[in-house]
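Colleague: Please find one structure pasted underneath; my questions will follow.
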Amino acid sequence: MRCKIWLVFTLFGLMASPRLAAQEVLPGEWNAQKIKGIRFLPDATYQGNPFLNDQFTSGEINLADGTKISGIQLKYNNYRDELIYYNNAVSTQIEVDKISVKSFVLTDDKGDKHFYRKQTVTGYLPGERYLEVLSEGEVTLLVHRKVLLLTCPVYGEVGKEKSMSYQEAFNYYLYNVKKGFELIKPAKNSLFSKLDPSDQLLLRKILRKNDLKITDEEHFVKAWNLVLSNKMAIHF
Amino acid sequence: MLLVTLYGKAQGKECFGLFTDRDLYTSGETMLLKAFAPSAVQGGILTVDLFNAKGEMIASVPLQISDNQADGFLSLNDTLSSGSYLLRVLTQTSVTQTVKELYILNRFTGVTESGISFRPAAAISTPDSIQPLFTVSGAEKNYKRREKAHLTIHFPADWMALTEGPLCLYVAQAIPEYNAQTFVLNHKPKFSSNAGNEGIIISGIATDPATSTPFKNGVITLSVPDSLPRFNYYTTGENGRFYFQLKDYHGRISLVLNGNDPTNYRPMKISLDKQENLLSSLPPFKTGIFPPELRKVAAKNVEALNFSKIFKQQQISVLPAKISKTDAYPFYGVPERVIYPKLFVDLSNFEEISRELLQGIKFRDNNHHPTFQILNAQRNSFFTEQPLVLLNGVPVRNLNDIKDLGSREIDRIEISQYERYFGNLRFSGVVAIYAPKFDFEGLKESDDLIKLSLDAVQPRAVFNPAPNDQAKEPDLRQVLLWQPILKPETTIGVDFQTSDIIGKFRVVISGKRRDGRLFFEEQSFEVN
């Protein structure tokens with residue numbers, strides 16, 4: 001009996017094999033990865049860090065041609081305003097051509113996703129920049145996470161150090177398609193100056209009710225989202 | 001009124017419908033095509049292939065599917081010999097193929113002396129029962145030459161809901177003596193994924209020329225020469241197979257496939273998959289005698305075609321190919337420097353150009369062994385490897401191909417002096433030479449280089465209107481009207497003008513129902 005079962009299985013196997021050979025399953029990644037860029041060479045070492053994220057983090061790139069590449073290791077160089085990805089296949093850090101990028105997403109240590117998009121900034125510091133979208137709406141709140149390389153005291157807590165350091169100089173922008181960009185400070189007065197007097201009173205109440213004090217970027221974004229959710233008119 | 005409804009299903013599988021303007025053609029003519037795809041095939045492309053009696057593919061036309069249908073044309077080569085041919089429609093992943101028998105006469109030799117043709121002995125398609133669908137009013141039995149005709153097709157209202165997509169309407173010469181058969185065959189698709197229908201697939205295998213074993217980790221590049229070249233690559237696996245899909249390409253394109261081993265520099269042989277031979281899947285054929293009446297009609301058609309060639313009459317006008325969506329900048333990045341050698345003093349060869357105009361680039365021709373080096377702008381030292389040298393977008397491995405290019409031949413030279421990456425490919429700098437007059441015929445094919453020209457998605461064509469009925473030139477149209485996309489309406493007015501060709505003609509309307517059934521109906525008339 002066992003012999004017969006084996007015979008049946010063998011026959012089925014023989015019948016199936018030509019069919020398997022005849023039909024090919026197209027490879028999933030037959031359109032090979034096409035991120036364009038140049039080899040990233042690190043700058044000389046100074047005090048501080050030119051990168052937003054010290055280590056490569058999982059991210060996603062949306063290219064200008066509509067291609068979406070996810071699950072790749074990304075790093076954002078604030079100083080050069082460049083996106084760097086780690087190519088596992090060739091074990092190389094590659095500076096992605098800015099012209100080819102539409103937007104990208106970085107995942108921070110907490111697992112939160114940060115969406116950056118390339119926009120041509122007008123006005124103060126004009127040019128193509130990667131801007132993080134803090135809040136999206138009719139008026140969008142964006143931040144350019146710029147760092148500057150400035151001279152600094154050579155003698156620090158641990159003795160003699162480098163004479164230059166990377167220092168945060170983030171620029172926050174309000175953006176509207178019609179009106180363009182306007183700088184804004186992530187502070188209470190700056191936010192209130194963009195609202196009608198009646199809305200200022202209302203926002204004060206709402207902030208008090210929510211026990212929200214605008215002390216840093218996180219709280220500023222929360223307050224901004226309250227402005228949007230309460231449909232207050234923004235003037236800039 | 002003759003009415004036939006074809007049940008477009010073979011062994012329970014919905015199949016393609018294939019219609020041509022006529023069944024008998026003369027070499028040098030243009031065949032007009034209409035294909036209805038199964039409901040499952042929502043988009044992408046289908047291919048219409050022409051096979052000769054030996055089952056060899058003569059021509060292939062990829063057509064864009066829209067609304068489960070596609071239409072196009074096939075230009076029949078002047079050199080086709082007289083005999084039976086088979087026209088086949090399918091997609092790269094379909095499990096059925098629809099085949100239509102045709103007869104093509106060579107316009108120089110006419111019908112073969114022996115007069116023997118062959119026909120399928122058994123058709124596999126299963127014609128369904130005949131049910132009247134349309135009524136036609138205003139049609140005459142006889143028309144005069146160059147007479148304007150008008151008829152009205154009344155489409156039953158209940159069929160409107162059952163009809164899927166537009167109809168196809170045409171008025172063309174009818175040859176009752178030759179009734180071409182259409183049959184459905186099973187097809188073993190080469191690829192199983194639906195993604196295979198989105199574009200033309202070019203596939204093949206890379207092997208080690210010494211052992212003929214599959215070449216693992218070989219890089220096959222595909223280049224489309226252009227002012228903004230297109231480039232793609234594939235890294236082979238254990239089986240050495242490679243695949244490229246060409247999407248968004250229209251009209252005739254030239255391609256160059258190049259194989260190389262970027263790590264160990266081993267020699268490689270690349271070969272494309274052979275074209276399918278239809279003969280193995282065909283039903284048995286029987287031979288027959290070419291009827292004398294048909295021989296007369298065929299002779300007249302050949303004469304008409306020869307005259308229409310003399311008067312340069314065209315039944316269709318091909319619209320310009322849709323411009324393919326291109327990238328904003330080349331695959332090797334925005335060049336840091338662009339040199340226009342024509343703006344400088346005449347330099348006779350590339351070595352002189354490199355010495356005089358290309359800073360940081362060292363091209364030297366030492367006893368027919370040219371070398372190329374480029375300065376790395378990031379490290380300020382020369383790369384040890386040769387840069388990627390492109391000629392009109394095609395990678396050049398043999399530098400002898402470019403050494404004789406002088407400044408008069410070169411339009412521009414684009415240079416990138418960085419270590420560039422395109423996906424997983426690394427280039428030690430890039431020098432892209434654009435020489436518009438360079439003939440790729442001069443690029444020699446080798447084990448690792450294949451040149452090919454193929455038809456990408458066919459551009460659309462429009463049927464030319466009838467000439468003025470007072471025109472002095474003979475009107476030799478065998479197709480009086482061709483409307484492959486006709487909106488189904490309860491009343492359809494049909495206007496056409498007969499030509500100087502006398503004989504039998506037919507008005508044909510075809511379409512597809514939502515249940516997958518194909519239908520066509522024809523009304524015959526005679527021109528005296």
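Where a number appears in this text, it was derived from the coordinates with a stated rule and is not lab data. Remember, predicted model here, so these are calculated numbers, not experimental data. Here Cβ is always computed from backbone atoms with ideal geometry, including for glycine, and neighbour counts include all displayed protein chains.
Colleague: For the protein assembly as shown, what log10 I(q)/I(0) values come out of the Debye formula at q = 0.06 1/Å, with one point per alpha carbon and no solvent?
Modeller: Rounded to two decimals, the profile gives -0.57.
Colleague: Please work out how much length the chain gains when fully extended from A:Glu182 to A:Phe56, using 0.36 nm per residue of separation minus the C-alpha to C-alpha distance, in nm with one decimal.
Modeller: My answer for the length gained is 42.2 nm.
Colleague: Right, here's the next one. With runs of 4+ DSSP H residues as the only contributors, calculate the mean residue ellipticity of chain B at 222 nm using -39,500 (n - 2.57) per run, divided by the residue total and rounded to the nearest 500.
Modeller: -2000 deg cm²/dmol
Colleague: Could you tell me the convex hull volume per residue, in Å³, taken over the Cα atoms of the range B:33-97?
Modeller: 84 Å³
Colleague: Going down the list A:Lys178/B:Lys247; B:Lys437/B:Lys472; B:Lys148/B:Lys296; A:Lys98/A:Lys188; B:Lys141/B:Lys300; A:Lys36/A:Lys113, which pairs span over 32 Å between their C-alpha atoms?
Modeller: Correct reply: A:Lys178/B:Lys247; B:Lys437/B:Lys472; A:Lys98/A:Lys188.
Colleague: Net charge around B:Asn349, counting only other residues with Cβ within less than 12 Å of its Cβ (Lys, Arg = +1; Asp, Glu = -1)?
Modeller: Neighbourhood net charge equals -3.
Colleague: Shielding of A:140-152 by partners, i.e. mean partner chain Cβ atoms within 10 Å per residue?
Modeller: Partner-chain Cβ atoms within 10 Å, mean over residues of A:140-152: 0.
Colleague: Give a residue-ordered list of calculated ³J(HN,Hα) values for the range B:444-457 (Karplus: 6.51 cos²θ - 1.76 cosθ + 1.60, θ = phi - 60°; whole Hz; x for Gly, Pro).
Modeller: Listing the rounded values in order: 7, 6, 9, 4, 9, 9, 10, 9, 8, 10, 9, 8, 7, 3 Hz.
Colleague: Something else about it: What whole-number value in cubic angstrom gives the convex hull volume per residue for the C-alpha atoms of the range A:86-125?
Modeller: Per residue, the Cα convex hull of the range A:86-125 comes to 125 Å³.
Colleague: A further question follows. To the nearest 0.05, what FRET efficiency results for B:Lys144 and B:Asp226 with a Förster distance of 51 Å applied to their C-beta separation?
Modeller: 0.45
Colleague: Hey, what's the per residue convex hull volume over the C-alpha atoms of the range A:186-236, in cubic angstrom?
Modeller: Expressed per residue, the convex hull around the Cα atoms of the range A:186-236 is 66 Å³.
Colleague: On a 0 to 90° scale, report how tilted helix A:217-229 is relative to the longest principal axis of chain A, with both axes built from alpha carbons and the result rounded to the nearest 10.
Modeller: Approximately 90 degrees, to the nearest ten.
Colleague: Take the Cα coordinates of chain B, assign each an equal point scatterer, and use the Debye formula without solvent to give log10 I(q)/I(0) at q = 0.05, 0.06, 0.13 Å⁻¹.
Modeller: Evaluating at q = 0.05, 0.06, 0.13 Å⁻¹ gives log10 I(q)/I(0) of -0.27, -0.39, -1.21.
Colleague: Now for a separate question. Give the angle, between 0 and 90 degrees and rounded to the nearest 10, that separates the Cα long axis of helix A:2-22 from the longest principal axis of the Cα atoms of chain A.
Modeller: 60 degrees
Colleague: Of the trypsin sites (Lys or Arg not before Pro) in the range B:13-60, which ones lie in a loop per DSSP and count no more than 15 other C-beta atoms within 10 Å?
Modeller: When the trypsin sites (Lys or Arg not before Pro) of the range B:13-60 are filtered for loop state and at most 15 Cβ neighbours within 10 Å, B:Lys54 remain.
Colleague: Can you compute 3J(HN,Hα) from phi for each residue in the range B:173-183, using the Karplus curve 6.51 cos²θ - 1.76 cosθ + 1.60 with θ = phi - 60°, rounded to whole Hz and x for Gly and Pro?
Modeller: In residue order, the calculated couplings are 4, 10, 10, x, 5, 10, 9, 5, 9, 10, 9 Hz.
Colleague: For chain B, find the longest principal axis of its Cα atoms and tell me its angle to the long axis of helix B:292-310, 0 to 90°, nearest 10.
Modeller: Rounded to the nearest ten degrees, it is 50.
Colleague: Which residues in the range B:404-437 place their backbone N less than 12 Å from a point set 7 Å from the Cα of B:Tyr340 along the Cα-to-Cβ direction?
Modeller: From the range B:404-437, the list is B:411-413.
Colleague: Let's see if you can work this out: charge +1 on each Lys and Arg Cβ, -1 on each Asp and Glu Cβ, no other charges. What is the dipole magnitude of the protein assembly as shown about its Cα centre, in debye to the nearest 20?
Modeller: Roughly 940 debye, rounded to the nearest 20.
Colleague: For the modelled label position 7 Å from the Cα of B:Tyr329 along Cα-to-Cβ, which residues of the range B:410-428 have backbone nitrogen atoms closer than 17 Å?
Modeller: Residues B:413-423, B:427 qualify, since their backbone N sits under 17 Å from the label point.
Colleague: Continuing with this model, one more query. How large is the helix-only mean residue ellipticity at 222 nm for chain A, computed as the sum of -39500 (n - 2.57) over DSSP H runs with n ≥ 4, divided by its residue count, in deg cm²/dmol to the nearest 500?
Modeller: The helix contribution divided over chain A gives -7000 deg cm²/dmol.
Colleague: Describe numerically, in nm with one decimal, the distance between label points set 7 Å from Cα along Cα→Cβ at A:Val90 and at A:Ser190.
Modeller: So the two model labels end up 4.0 nm from each other.
Colleague: Also, quick follow-up: Using R₀ = 45 Å, calculate the FRET efficiency as 1/(1 + (r/R₀)^6) where r is the Cβ-Cβ separation of A:His219 and A:Lys68; round to 0.05.
Modeller: My answer for the efficiency is 0.85.
Colleague: My understanding is that a pair violates if its Cα-Cα distance is over 30 Å; which of B:Lys190/B:Lys216; B:Lys54/B:Lys487; A:Lys146/A:Lys222; A:Lys75/B:Lys269; B:Lys274/B:Lys312 do that in this structure?
Modeller: B:Lys54/B:Lys487; A:Lys75/B:Lys269; B:Lys274/B:Lys312
Colleague: Taking the Cα centre as origin and putting +1 on Lys and Arg beta-carbons and -1 on Asp and Glu beta-carbons, what dipole magnitude results for chain B, to the nearest 20 debye?
Modeller: 360 debye
Colleague: Determine which aspartates and glutamates satisfy two conditions relative to A:Lys162: a Cα distance under 15 Å, and not lying fewer than 8 residues away in the same chain.
Modeller: A:Asp43
Colleague: Rounded to the nearest 0.05, what FRET efficiency do B:Ser66 and B:Ser317 have when you use their Cβ-Cβ distance and R0 = 22 Å?
Modeller: Taking R0 as 22 Å, the efficiency between B:Ser66 and B:Ser317 is 0.65.
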